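To start, the structure itself, in structure tokens.
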Amino acid sequence: MRLLLVEDDLKIAQFVENGLREAGFAVDHAADGEDGLHLALTESYDIAVVDLMLPKLDGLTLIEEVRKNNINTPVLILSAKRSVDDRVMGLKTGSDDYLVKPFAFSELLARVQALIRRSTHVTAPSELTVADLMLNLDKRKVFRAGKEIFLQPLEFSLLEYLMRSAGRVVSKTMIMEHVWDYNFSPQTNVVEARICYLRDKIDKDFDIKLIHTVRGVGYVLKETA
């Protein structure tokens, strides 16, 4: 999952970014509202976390501009403003949730995951399942036919994206946008290499293969070829 973090406090930004990366997110960070708006309008994100008090362009204006451009990316506001009126204003502007500073990272992560589930219409609260493959989002564990499969964090994120897109072909560019940071070169073979590693763990020991290559297009995770 790819996340946009717009936060000018570098200490908070580093704390949040490190935690989200450990949780499997690809994070793009902007330190002011103008840069944040540019990224929100030109890149594709699964969710955005936006501070309100930003230099150059405040968070509410940023969110308003995003919504005016018909971008429906879920937005979680971070703010030191605690009043009910401030929260109501943030929600009316177009945000989806509001978290008051200071906050526990565990609560931020839970809210981010809840917004993603809501926006992607995932019915199960903590699991994704395709055939006999099951991915538990809360425990960050993967099982195939009841056997646990151990994945590196990046492999877990890649598999999560493929499972959320099950049955739909996703291109190399789409995978890089949602799993890696935006500054990776599209000329690199990192996607092909990671898909190969993932296949070795997910498909190698099983008769039915789930990860398929669509030549010239991309990859698809489905039960049959």
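Within region 138-173, the set of residues being of a type in the set (S, T, N, Q), at pLDDT 85 or above and assigned to a helix (DSSP H, G or I) comprises just one member, 157.
Scanning region 40-82 for residues that are open to solvent by 20 Å² or more (accessible area, probe 1.4 Å), assigned to a helix (DSSP H, G or I) and not acidic (Asp, Glu) turns up 41, 42, 60, 61, 67, 68. Considering region 83-129, the residues that are open to solvent by 30 Å² or more (accessible area, probe 1.4 Å), within 20 Å of residue 162 (Cβ to Cβ) and of a type in the set (Ser, Thr, Tyr) include one that is modelled with the highest pLDDT, namely 129.
Can you confirm whether region 58-74 contains a residue that is over 30 Å from residue 170 (Cβ atoms) and touching a strand residue (DSSP E or B) at 6+ places or on another chain (Cβ under 8 Å)? Scanning region 58-74, I find at least one residue that is over 30 Å from residue 170 (Cβ atoms) and touching a strand residue (DSSP E or B) at 6+ places or on another chain (Cβ under 8 Å), so the answer is yes. Reported count of residues in region 1-49, each being within 19 Å of residue 155 (Cβ to Cβ) and of a type in the set (Lys, Arg), is 2.
Kindly establish whether residue 16 is crowded, with 21+ Cβ neighbours inside 10 Å and modelled with pLDDT of 95 or more.
So residue 16 does not fit the description; no.
The values are calculated or read from the model by the stated rules, or taken from the named source; none is laboratory data. Since we're looking at a predicted model, the values are computed, not measured. Cβ: placed from backbone, ideal geometry, glycine included. Neighbour counts: every protein chain shown. Ligands, DNA and RNA are excluded from the accessible area calculation, which covers all protein heavy atoms including side chains. Shrake-Rupley method; radii C 1.70, N 1.55, O 1.52, S 1.80 Å.
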